[in-house]
Amino acid sequence: LQHGTVTPAMKIFWRLNSTSILFLWPAMKSGKIDLSGLSWFEMFVVLPFAAMNYAIVNTAFAASLELTSLVNAFILSNLASLIIIMSKLVTGVKVAALEGVGTVVGISGATICAMAPSEVPDDKIDAVGSQAMIGNLLAVFSSVAMSIYLMAAKNLRPRIDLFLFMFLIFALASVFQLAYIIFSGQSYELSTDDEIGVFGWLSLRKDRLFLE
């Protein structure tokens, strides 16, 4: 719904940035701005690592939408639970029978969707096929990052207030996202420009501020 030549990375930065502001108010209102429950390592390593992976989750998904179908992007970017179960199997952790059955069903469904033929002219099928494959791989990468985020955040969340945790995740993720935009050489500017402005989501357009 966001029109114009806005890159997936910038769209995600807008989302992370605006949502961090949204969580700031309830975090402050809760009166529980307390990080004493986290160790130094958790505060300065695990928390930023979780936020970085959350940024990757969103960016990889948005990028996959540019290259593959919505169905493939959605299903393949939501395999985190399956990846966590498979990691249990690989590391020898006991997996319940129904978890195993669910994993098989989930992977089978994702595989069927990923292999579904698309209605593309024969002279373009190779180019579109390789592009869709890259999009599918980006969506799977999003799932991998989500599984890492969930495992990293699992022990952090109960130790601090929910709204404070979410504010920190989105705020730190937006910092990582902006760093990615800068160092990857993408166009940006510190303005409310509709397409390359870091604060472009504040533009008084129905598909910017109001949509965000």
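The values are calculated or read from the model by the stated rules, or taken from the named source; none is laboratory data. Predicted, not measured: the structure shown is a model, and the values here were computed from it. Heads up, the Cβs are rebuilt from the backbone with ideal geometry, glycines too, and the neighbour counts pull from every protein chain shown. We work out accessible area using only protein heavy atoms, side chains counted, and drop any ligands, DNA or RNA first. Shrake-Rupley method; radii C 1.70, N 1.55, O 1.52, S 1.80 Å.
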Every residue from region 190-199 that is open to solvent by 60 Å² or more (accessible area, probe 1.4 Å) and more than 12 Å from residue 6 (Cα to Cα):
190, 192, 199
Go over the candidates 159, 208 one by one and state the one that is open to solvent by less than 10 Å² (accessible area, probe 1.4 Å) and more than 19 Å from the chain's Cα centre (by Cα).
208
Criterion first (at pLDDT 80 or above and out of contact with any Leu (no Cβ under 8 Å at 6 or more places or on another chain)) does residue 120 satisfy it?
no
Of all residues in region 31-43 being closer than 13 Å to residue 153 by Cα and not acidic (Asp, Glu), which is least open to solvent (accessible area, probe 1.4 Å)?
38
Can you pull out every residue in region 162-184 that is closer than 18 Å to residue 54 by Cα, among the aromatic types (Phe, Trp, Tyr) and open to solvent by 60 Å² or more (accessible area, probe 1.4 Å)?
163, 176, 180
Residues of region 60-72 classified as open to solvent by less than 30 Å² (accessible area, probe 1.4 Å) and farther than 14 Å from residue 140 by Cβ, total:
1
Residue 187 passes all but one of the listed conditions (1) of a type in the set (S, T, N, Q); (2) open to solvent by 60 Å² or more (accessible area, probe 1.4 Å); (3) over 14 Å from residue 9 (Cα atoms); the exception is number (3)
Could you tell me which numbered condition residue 14 fails, if it satisfies all but one of (1) open to solvent by 30 Å² or more (accessible area, probe 1.4 Å); (2) at pLDDT 85 or above?
(1)
Please state which one of 102, 135 is at pLDDT below 85 and in a helix (DSSP H, G or I).
102
Go through the residues of region 73-95 one by one and say whether even a single one is without any contact (Cβ under 8 Å) to a residue 12 or more places away in the chain, open to solvent by less than 50 Å² (accessible area, probe 1.4 Å) and in a loop (DSSP other than H, G, I, E, B).
yes
Per the filter on region 189-212, residues part of a helix (DSSP H, G or I) and free of Cβ contacts under 8 Å to residues at least 60 places away in the same chain are 202
Exactly one of these conditions fails for residue 53: (1) buried (at least 16 other Cβ atoms within 10 Å of the Cβ); (2) of a type in the set (S, T, N, Q); (3) more than 19 Å from residue 151 (Cα to Cα). Give me its number.
(3)
Evaluate region 171-188: report whether one residue or more is touching a strand residue (DSSP E or B) at 6+ places or on another chain (Cβ under 9 Å) and assigned to a loop (DSSP other than H, G, I, E, B).
yes
